[in-house]
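First the structure, in the form of structure tokens, and then the observations on it.
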């Protein structure tokens, strides 16, 4: 059978001598993540989930249990669906048809969160089911999207594309959080004539929590807009030849690991990635709770913390791209995990009365450097600086970990590898929270609860030394 010639765009995507500049395909791919990631901030972290846990559930403890249940259901769904999806897309080839289906279901589902009112038509169980399905779809979309990187960007430009995607996600996330604050959250609660509107825009009502529920339609609209360039301009994976023999993991998705038996470094890396990513995810989730409890920060400080975190994410994307190209994604990931670990150790040793284990501080006797600012004392500023440093390194590690997986995976098995990585992460996602909960309960301190995260980071850092490949790219 005559071999099929790759279209010009696809030929460029697999040509090692291709330039490192980002073409329209790569930029459109990165832009999709920029418009996709606000779901994590507005729905998952700062606005809707806290509203769900404290207002719709009423009891904060029961709300936390309900939130954990959503996470467990989502994780179970990912553990089942991820290997099936990874195997299917490698066998079928093009990602856009299935990606379009997932987006078509995800967007109206998230928009419908507007109806999650205290006395609205949706029950708590229905809302929980919607959030669990949305979380599952978001993961499936991420697998499909990430597996498009080899064809969306030339090999030498993939690190830049991945870093740009991460940076755009934080830029758009910051802009939307700031816009929601200015247009809906702050009006009617603060007096700032000429700066903040007197009442929420669009006639929204604080009393019925419309200012919190509006994030559902906002995220849905932004998500849909971001998908348009991806489907129009990003190169998709080609269809495999009809006479191609399916790899073991493509015939049986749950044999994916067996199908990679000859790929020692890929398997080793997936295991190492699972451990380090689990630690990083728990740190990002628990970081706000830890900061609030240890430093005694209230809503104003935590809101400022969230905005600064999105700014730090922009720098994280640039850092990941720079390190990937200078030292290769494997060494970059080692640097980023080490930076996260050092920052975590610093966070554990800082509190309102102590900075980095050594320097004692008395807020009643010492002068307050910034008395009218959210972070007023020197320990506040020290903890903030340490936490933001760790955040930048950890978010950068996400970008480099994706670039490294693409570098190590066989070209015909990229989708399966991302599916297996998601499957491994889902099946062990309980480990980090379990260890944190056990350590916190055993020693009855928040600092002790963070120690297992440091241990997992050490394991991940050490494990990367066993992975070969993923060095500095030859084409620059």
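Residue by residue, here is whether (1) outside any loop (DSSP other than H, G, I, E, B); (2) outside the structural domain of residue 309 (by TED's automatic domain parsing); (3) at pLDDT below 85 holds:
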| position | (1), (2), (3) |
| --- | --- |
| 31 | yes, yes, no |
| 34 | yes, yes, no |
| 51 | yes, yes, yes |
| 58 | no, yes, yes |
| 64 | yes, yes, yes |
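Counting only residues that are closer than 16 Å to residue 110 by Cβ and free of Cβ contacts under 8 Å to residues at least 40 places away in the same chain, how many does region 211-221 have?
0
Condition check for residue 265 on (1) at pLDDT below 65; (2) assigned by TED's automatic domain parsing to the domain that holds residue 394: one failure, at (1).
For residue 200, are the conditions met, namely being without any contact (Cβ under 8 Å) to a residue 40 or more places away in the chain, in contact with a strand residue (DSSP E or B) (Cβ under 8 Å, 6 or more places away or on another chain) and surrounded by 19 or more Cβ atoms within 10 Å (Cβ to Cβ)? Yes: the conditions hold for residue 200.
When 437, 429 are screened for being in the same structural domain as residue 317 (by TED's automatic domain parsing), within 20 Å of the chain's Cα centre (by Cα) and modelled with pLDDT under 80, only 429 passes. The residues in region 185-210 that are in contact with a helix residue (DSSP H, G or I) (Cβ under 7 Å, 6 or more places away or on another chain), under 22 Å from residue 56 (Cα atoms) and at pLDDT below 85 can be counted, and the count is 1.
The values are calculated or read from the model by the stated rules, or taken from the named source; none is laboratory data. Everything quoted here is computed from the prediction, not taken from an experiment. In this analysis, Cβ positions are derived from the backbone assuming ideal geometry, glycine residues included, and neighbour counts consider all displayed protein chains.
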